[in-house]
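Reviewing the structure listed below.
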Amino acid sequence: MPAQTRPADTYSPLYFLASLGAGGLVVTFFMYLMFWVPHPGRPVPVFEDVMAAFSGGNPALQAAIVTAWLGIAAMAILNIKSLIWNIAALRRFMKTQAYNDLRKTNGETTLLAAPLASAMTINVGFILGLVFVPGLWGIVEYLFPLALVAFLGLGVWAFRLIGHFLGRVLTQGGVFDVTAHNSFAQLLPAFAISMVGVGLAAPAAMSTNTITVGVSLVLSTFFGITAIIYTLVAAITGFNSMLHHGTAKEAAPTLMVVVPIVTVLGILFMRQNHGLHVAFDAHGTPGETLVFLARLLTIEVLFLLLGLLVLKRQGYMSEFVTGEKTSPGSYALICPGVAFAVMMHFFVNKGLVEAGVIDKFGLAFWALTAIALASQFAMIWLMLHLNKRHFGRPAAPRATAHA
């Protein structure tokens, strides 16, 4: 394909969000197995659990399992393919003047999309192993230390990028453009840190080794609290700028980045609670979990409503999603929808069902689960649509905007 014929040929690190979105959709399909397939004695379903459920389940469950298999496989391929493409494109981009210019602007933090997407791909790899590899659970204790090292390495990468950015803007006066801070784009570093943190929390939820659980708890706490502090600082200063200058149109989707941060941190803390319960005999109640998840869901709904309001008022969708213009920042629309779907599954199953508020697989259960499924499939459509617009040969020349 000739150069400069696709919007993606004008590279931006935000294209890592395409890989991230596909990885998030892997998680949404894994939710079918997580909450609909019995897995006694294990915190997550493995290959043997899924095969047993498929062999002895009713046609509806079998159809759900097949859908999950196909969805996980297809989205994982897109996730890995996109990550590889982005890594190669980023390496080329780093040799250009545009990269040097980027590192002198507020947009330097878009580079955090790389460790963010990489952390998601490690999670995707773990899901693939659980679902498709027989006997993996027998050696999983040996894999947890490797996972901790891998996520810690990504955390160091993320902190180095953040350190370069903060070191520059906090020591050189006037280099941070406050007028261009009128969005939540600066929350991307917090998102990356939280994704590393939730990966570090996985051994706490699944390991039976006290040392592994303890290390997982401490490391994930460090990254989780860091993400919360960074989110609060960036959100408050960003909202202040938006009140003065309005929301930057190309960056408007970032208003909903709080949603995936909340989901990721919520899963992090639930993994920690499970580890505390199993390894250290610290018990929580189903009612406490229900209230915790309800609070997180409330935050997500509020920021979804705020983001959708601004997108509608600015006409973002008709301009950058279905119109003539394209923006790599449009991929930031996928993460909130995916994260909301995942949070709904947790709220319904870990919250309402375990607290005894509704019956599992009852009418109320499916009515609420339908909301999660609708959000999931809307994001699948959006991802495929954006991929076609950004990576396919355009029917006519389009203007490309960069947040």
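FYI, it's all coordinate maths here, none of it is from the lab. In this text the structure is predicted, and so the values were computed from the model without any measurement. When we count neighbours, we look across all protein chains shown, and the Cβ atoms used for this are built from the backbone with ideal geometry, even at glycine.
Numbers for the structure displayed
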read-out: Highest-fluctuation residue, Leu363, Leu308, Leu143 considered, GNM on the chain with Cα pairs under 10 Å; value: Leu363
read-out: Region 7-391 - percent relative contact order, Cα under 8 Å, separation 6 or more; value: 19 percent
read-out: Over region 152-197: Rg over Rh, Cα atoms, Kirkwood Rh; value: 1.03
read-out: Residues Glu319, Glu324, sorted so that the one with the fewest Cβ neighbours within 10 Å comes first; value: Glu324, Glu319
read-out: Reciprocal mean inverse distance between Cα atoms of the chain - Kirkwood radius, Å; value: 21.8 Å
read-out: Proximal charge balance of Ser207 [Cβ under 11 Å; K/R count +1, D/E count -1]; value: 0
read-out: Helix 188-206 axis, angle to the chain major axis (alpha carbon atoms, nearest 10°); value: 10 degrees
read-out: Computed Rg/Rh of region 99-203, alpha carbon atoms with Kirkwood Rh; value: 1.12
read-out: Added length on full extension, which subtracts the Cα-Cα distance from 0.36 nm per residue, Ala378 to Ala74; value: 107.8 nm
read-out: Amide H partners (placed H, <5 Å) of Thr326, local residues excluded; value: Ala399, Thr400, Ala401
read-out: Cross-link partners of Lys312 among lysines (Cα-Cα below 25 Å; sequence separation of 8 or more within a chain); value: Lys249, Lys325, Lys388
read-out: Cβ crowding within 10 Å averaged over residues, with 274-285, 188-199, 110-121 ranked highest first; value: 188-199, 110-121, 274-285
read-out: Separation of alpha-carbon centers, region 44-104 and region 205-238, rounded to whole Å; value: 24 Å
read-out: Anisotropy class of region 19-106 from Cα gyration tensor, a/c 1.5 cut; value: prolate
read-out: Aspartates and glutamates whose Cα lies under 17 Å from that of Lys81, excluding same-chain neighbours fewer than 8 positions away; value: Asp9
read-out: Set of lysines with alpha-carbon distance to Lys104 below 20 Å, sequence-local pairs under 8 removed; value: Lys95
read-out: Sites His164 and Asp9, calculated FRET efficiency, Cβ-Cβ separation with R0 35 Å, nearest 0.05; value: 0.85
read-out: Using alpha-carbon coordinates, inclination of helix 140-171 to the longest axis of the chain, degrees; value: 30 degrees
read-out: Angstrom value of the Kirkwood radius, inverse mean 1/r, which spans all Cα pairs in region 286-344; value: 13.1 Å
read-out: Cα-based helix-to-principal-axis angle, 113-132 vs the chain, degrees rounded to 10; value: 30 degrees
read-out: Alpha-carbon gyration tensor eigenvalues x 5, square-rooted, for region 1-157, Å; value: 36, 19, 11
read-out: Sequence ranges 334-347, 24-37, ranked by mean other-Cβ count within 10 angstrom, highest first; value: 334-347, 24-37
read-out: Ranked by how many other beta carbons lie within 10 Å on average, peptides 265-272, 168-175, 289-296, 85-92 from highest; value: 265-272, 289-296, 85-92, 168-175
read-out: Spread of Cα-to-Cα distances over 5 Å intervals beginning at zero, given as percent, for region 277-403; value: 2, 9, 15, 17, 15, 11, 10, 8, 6, 4, 2, 1, 0
